[in-house]
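The values are calculated or read from the model by the stated rules, or taken from the named source; none is laboratory data. Nothing here was measured: the structure is a model prediction, and the numbers come from that model. No Cβ is skipped: glycine too gets one built from the backbone with ideal geometry, and neighbour counts run over all protein chains shown. Accessible surface areas use protein heavy atoms only, side chains included; no ligands, DNA or RNA. Shrake-Rupley method; radii C 1.70, N 1.55, O 1.52, S 1.80 Å.
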Amino acid sequence: MPDEKPRSGAADWSERLEDLERRRGFARGMGGEEKLARRRAAGRLDARARIETLLDEGSFLELGTLVGGVGDSGAAPIPADALVAGMGRVEGRPVLVGAEDFTVLGGSIGPGASDKRTRLAQWAAQERVPLVMLLEGAGHRLTNALRPRGRSPNDLQALAELSGIVPTVSVVLGPSAGHGALTAPLSDFCVMVEGAALFTAGPPLVEAALGQKVTKEELGGTLVQVDASGVAHNRAASDEDALALVRHYLSHFPSNAWQAPPTSAGGDAGPRRLDAILDLLPVDDRRPYPMRELIRLVCDAGSVLEIQPDHGSALVTCLAFLGGQSVAVVANDPSVRGGSVDVDAALKGSHFIEVVGAFQLPVIFLADNPGVMAGTAAERAGVLRAAARMFAAQHRLRSPKFSVTLRKAFGFGSSLMAMNPFDHQTLSIALPGATLGAMPAASGGAAAKLGADDQQAVEAAEMGGSYAIASGMAFDEIIDPRDLRDVLLRGLELASARQQGPFEPVARFGTLP
């Protein structure tokens with residue numbers, strides 16, 4: 001037999017493996033033990049700890065570890081170029097994640113980190129998995145101007161193209177400015193931790209450019225971006241709470257637009273009569289009631305996740321499970337200005353409907369409103385355009401759609417809540433005594449200066465409106481309130497064949513108002 005060639009042994013690899021581990025160790029060291037210790041002492045997680053908290057235990061595989069590890073023209077190397085990135089699992093399903101590392105140059109974005117962000121978004125599109133970005137950074141690094149790169153794609157382009165293809169989530173965990181901050185409004189869902197801030201430019205730049213002296217919180221804290229602007233959707237008390245919220249959110253969505261929504265194996269998936277609804281829901285449509293409690297009563301126990309609870313509060317938007325199926329709920333809240341839909345509520349509803357519709361979630365509309373908000377302030381704010389946008393968004397829904405008129409729905413307010421007949425509803429139902437019309441009879445009659453006989457006739461027609469509509473099949477059925485959950489379960493059963501797919505991303509033609 002010919003002589004065998006000598007095989008390479010472990011010793012031949014040792015030098016190379018030691019070098020690789022040294023380079024990896026440098027990246028994993030982040031901004032150094034002193035900075036990391038200060039974060040720990042303040043009770044804050046670093047970028048890598050955040051990723052480990054978000055993902056299933058032991059599932060993280062880092063990608064791009066060595067980016068920034070070789071300095072340009074003698075410059076010092078930068079650990080992972082201030083962005084830790086890779087893949088992992090959430091409840092067993094693959095996700096991609098990127099975390100800005102504030103301990104390294106303030107989490108700023110260098111050329112390598114920019115490429116890594118773009119690669120993450122391209123991976124998400126190509127492999128059809130969700131993308132989660134954890135934000136705490138200063139935006140583009142000022143020294144990038146010293147090394148111009150010419151024309152190249154960027155992550156914001158890729159993020160825009162991900163819309164409606166895979167779920168995208170951002171979490172603001174500290175100050176986030178400039179380019180990095182733009183990740184938040186380009187995401188389907190954004191969570192903000194108390195004490196974090198989100199802005200186009202931070203306080204020093206604002207003072208230099210505009211002469212305004214403001215704190216980070218005044219400029220872009222949760223009171224600004226969660227409550228006032230609605231750029232961020234939900235707030236969280238801590239990093240851990242925010243990351244748990246992301247896991248909860250993703251549990252309601254498929255991994256991509258080609259898949260059916262997930263199901264839950266919870267113990268409350270069966271039919272049950274809602275006897276408590278009669279005490280919860282007043283017959284007098286001028287009396288408010290806790291809409292969130294009604295939603296929890298109808299849906300599977302413990303499954304409701306409200307989106308944007310602190311913004312546009314005249315409208316309640318929730319993810320939930322009903323009969324073990326992931327659903328979305330859009331409901332008027334009569335305890336807020338009678339449920340009148342204002343600009344914030346309409347824009348909030350539009351975005352929510354577009355997101356859940358892109359991933360095939362059935363949508364349940366619970367209508368109880370006197371119409372779209374009126375008045376000079378509402379008109380100056382553009383309430384007509386905002387309301388038209390919400391109407392167009394719900395009209396374009398092609399996932400199963402359920403319209404439920406609880407007590408009242410007037411004018412365009414009824415159209416926003418999917419009450420227009422023969423508009424792709426799987427079911428359109430109402431409770432007995434629901435009042436309908438172009439406007440409430442009492443205020444409308446006064447505005448029109450109706451006589452006593454005409455006023456009485458208009459009010460009688462209003463009270464009998466739901467039965468008149470049902471007689472022409474514009475409502476599919478008037479139901480006993482106690483049967484609401486079970487009727488919706490049967491509606492989901494009716495729509496089950498088309499919920500099996502095959503699915504494709506929602507095609508979008510034309511513009512929304």
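Data table
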| read-out | value |
| --- | --- |
| 3 or more residues in contact with an Asp or Glu (Cβ under 9 Å, 6 or more places away or on another chain) and among the hydrophobic types (A, V, I, L, M, F, W, C): qualifying strands (runs of 3 or more DSSP E) within the stretch 97-199 | 131-137, 168-177 |
| Near pairs, Cβ below 8 angstrom, 6+ apart or cross-chain, from the stretch 102-120 (over 15 Å from Ser176 (Cβ atoms)) to any residue that is outside any helix (DSSP H, G or I) and of a type in the set (Lys, Arg) | Gly110/Arg141; Pro111/Arg147; Pro111/Arg149 |
| Sole residue being under 24 Å from the mean Cα position of the chain (by Cα) and surrounded by fewer than 13 Cβ atoms within 10 Å (Cβ to Cβ), chosen from Ala244, Ala260, Ala265 | Ala265 |
| Lone unmet requirement of (1) in a helix (DSSP H, G or I); (2) out of contact with any helix residue (DSSP H, G or I) (no Cβ under 8 Å at 6 or more places or on another chain); (3) more than 22 Å from Val166 (Cβ to Cβ) for Ala76 | (1) |
| Residue that is open to solvent by 20 Å² or more (accessible area, probe 1.4 Å) and touching a strand residue (DSSP E or B) at 6+ places or on another chain (Cβ under 9 Å), where the choices are Ala124, Ala138, Ala82 | Ala138 |
| Filter pass, Phe26 being open to solvent by 70 Å² or more (accessible area, probe 1.4 Å) and either within 27 Å of Leu162 (Cα to Cα) or part of a loop (DSSP other than H, G, I, E, B) (or both) | no |
| Unique residue being among the hydroxyl-bearing types (Ser, Thr, Tyr) and at pLDDT 95 or above when the list is Ser399, Ser466 | Ser399 |
| Single residue of the stretch 472-488 satisfying the filter (out of contact with any strand residue (DSSP E or B) (no Cβ under 9 Å at 6 or more places or on another chain) and at pLDDT 80 or above) that is most open to solvent (accessible area, probe 1.4 Å) | Arg482 |
| Filtered residues of the stretch 200-220 (kept if in a loop (DSSP other than H, G, I, E, B) and either in contact with a helix residue (DSSP H, G or I) (Cβ under 6 Å, 6 or more places away or on another chain) or surrounded by 22 or more Cβ atoms within 10 Å (Cβ to Cβ) (or both)) | Gln212, Lys213, Val214 |
| Candidates Glu52, Glu15, Glu4, Glu62 - the one that is over 16 Å from Asp239 (Cβ atoms), at pLDDT 95 or above and among the charged types (D, E, K, R) | Glu62 |
| Failed condition for Glu306, given (1) out of contact with any Cys (no Cβ under 9 Å at 6 or more places or on another chain); (2) open to solvent by 20 Å² or more (accessible area, probe 1.4 Å) | (1) |
